[in-house]
Amino acid sequence: MQKTVLITGATSGIGLACAGKFAENGHRLIITGRRKQRLEETKQQLTEKFGIPVLTLNFDIRNQQAVQEAIENIPDNWQNIDILINNAGLAAGLDPVQTGIIDDWERMIDTNVKGLLYISRAVLPGMIERKKGHVINIGSIAGKEVYPNGNVYCASKHAVDAITKGIRIDTVKYGIKVTQIAPGAVETEFSVVRFKGDQEKADSVYKGFEPLHPENIAEVAYYTSTLPDNVNINDLVIMPTAQASATILHKEL
Ligand code: NDP
Ligand code: 8X3
């Protein structure tokens with residue numbers, strides 16, 4: 001059965017790979033992000049390649065009013081969202097708390113925590129009304145462990161871990177599935193964003209081992225959506241084989 005899948009942060013990395021995976025399997029997509037041109041290019045590519053309908057929504061997830069308006073104004077035939085993939089997120093900086101940059105903290109908390117809440121708040125009532133739906137939150141190993149200088153990013157992902165459990169508890173009586181996927185190192189634009197455009201520093205994160213690829217996460221996200229109605233995967237921690245914990249990586253440099 002064709003499902004309607006809303007993916008936040010589909011202009012890059014894991015979100016973009018999820019869009020490809022769900023499109024390949026014939027589902028119709030609502031893709032969101034701030035970079036409008038990338039959304040339009042992805043829409044064109046996926047529509048041409050897989051013949052599926054794609055709706056683009058261009059908003060900053062930190063803006064509650066923009067999130068609410070975007071969801072309210074979705075055309076009627078797109079309103080029945082079956083799967084919400086809460087993927088949009090970022091790390092900004094890697095500094096000790098005592099010298100941390102306040103604006104970095106605000107961006108991480110506003111995006112990873114408040115943005116995820118805003119979109120969930122806007123989409124969940126429809127799922128509850130239909131007594132059907134699946135929320136897939138992209139957490140992180142940073143939501144399971146705290147690593148040096150990861151402080152606020154780790155806190156934001158621990159919040160995703162808690163919110164995932166909270167949504168599951170609050171919606172269990174409506175038959176909603178709620179899954180968290182918590183990856184280790186995935187090579188995306190994540191580190192370029194974290195290091196504010198320093199490509200060399202970003203590349204060094206993934207040197208000497210094979211990191212996860214965004215498609216690996218998309219594959220698993222898709223799998224969690226294919227299970228029978230009575231089966232929900234609560235939580236998955238997925239690491240590169242060369243990574244044992246947030247800070248233990250086997251690198252051959
Ligand atoms: P990317 O930087 O490649 O992608 C991030 C996506 O989030 C982009 O599509 C971006 O879209 C979107 N986004 C960021 N800020 C906003 C915003 N304010 N409003 C709307 N969309 C936004 O990184 P990843 O694919 O790696 O990251 C995806 C998720 O995976 C994040 O939640 C991240 O924390 C998590 N994660 C990543 C890991 C990794 O190692 N890469 C490991 C574990 C978890 P745009 O800029 O167009 O708005
Ligand atoms: C992204 C992976 O190790 O930087 O969530 O926390 S890590």
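The values are calculated or read from the model by the stated rules, or taken from the named source; none is laboratory data. Keep in mind it's a predicted model, so treat the numbers as computed, not measured. Methodologically, a virtual Cβ is constructed for each residue, glycine included, from the backbone with ideal geometry; neighbour enumeration extends over all protein chains shown. Protein only, heavy atoms only, side chains kept; ligands, DNA and RNA dropped before computing areas. Shrake-Rupley method; radii C 1.70, N 1.55, O 1.52, S 1.80 Å.
So that you can scan it fast, the table gives a plain yes or no per residue for (1) within 16 Å of ligand 2 (Cβ to nearest atom); (2) within 20 Å of ARG130 (Cβ to Cβ); (3) surrounded by 19 or more Cβ atoms within 10 Å (Cβ to Cβ):
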position: GLY20; (1), (2), (3): no, no, yes
position: ARG35; (1), (2), (3): no, no, no
position: PRO75; (1), (2), (3): no, yes, no
position: THR99; (1), (2), (3): no, no, no
position: ARG107; (1), (2), (3): yes, no, yes
(message) Among the residues that make up region 233-253, is at least one of them open to solvent by 70 Å² or more (accessible area, probe 1.4 Å), under 23 Å from the mean Cα position of the chain (by Cα), within 15 Å of ligand 2 (Cβ to nearest atom) and without any contact (Cβ under 8 Å) to a residue 40 or more places away in the chain?
(response) yes
(request) Give the residue, chosen from ILE169, ILE233, that is of a type in the set (A, V, I, L, M, F, W, C), over 20 Å from ALA88 (Cα atoms) and in a loop (DSSP other than H, G, I, E, B). (result) ILE233
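Has region 199-207 got any residue that is away from ligand 2 (no atom under 16 Å from the Cβ), without any contact (Cβ under 8 Å) to a residue 24 or more places away in the chain, within 20 Å of VAL113 (Cα to Cα) and open to solvent by 20 Å² or more (accessible area, probe 1.4 Å)?
No, region 199-207 contains no residue that is away from ligand 2 (no atom under 16 Å from the Cβ), without any contact (Cβ under 8 Å) to a residue 24 or more places away in the chain, within 20 Å of VAL113 (Cα to Cα) and open to solvent by 20 Å² or more (accessible area, probe 1.4 Å).
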(request) Evaluate region 112-128: report whether one residue or more is closer than 20 Å to PHE59 by Cβ, within 11 Å of ligand 2 (Cβ to nearest atom), out of contact with any Phe, Trp or Tyr (no Cβ under 6 Å at 6 or more places or on another chain) and aliphatic (A, V, I, L, M). (result) no
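Filter region 126-143 down to residues that are open to solvent by 40 Å² or more (accessible area, probe 1.4 Å) and either in a helix (DSSP H, G or I) or in contact with a His (Cβ under 9 Å, 6 or more places away or on another chain) (or both) and give me whichever is nearest to MET239 (Cα to Cα).
Step one: list which residues in region 126-143 are open to solvent by 40 Å² or more (accessible area, probe 1.4 Å), which gives 128-132.
With the extra rule that they be either in a helix (DSSP H, G or I) or in contact with a His (Cβ under 9 Å, 6 or more places away or on another chain) (or both), the set shrinks to 128-130.
Working: ILE128: 33, GLU129: 36, ARG130: 35 Å.
The residue in question is ILE128.
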(request) Give just the number: which of (1) assigned to a helix (DSSP H, G or I); (2) of a type in the set (A, V, I, L, M, F, W, C); (3) in contact with a Cys (Cβ under 7 Å, 6 or more places away or on another chain); (4) surrounded by fewer than 18 Cβ atoms within 10 Å (Cβ to Cβ) does VAL146 not satisfy? (result) (1)
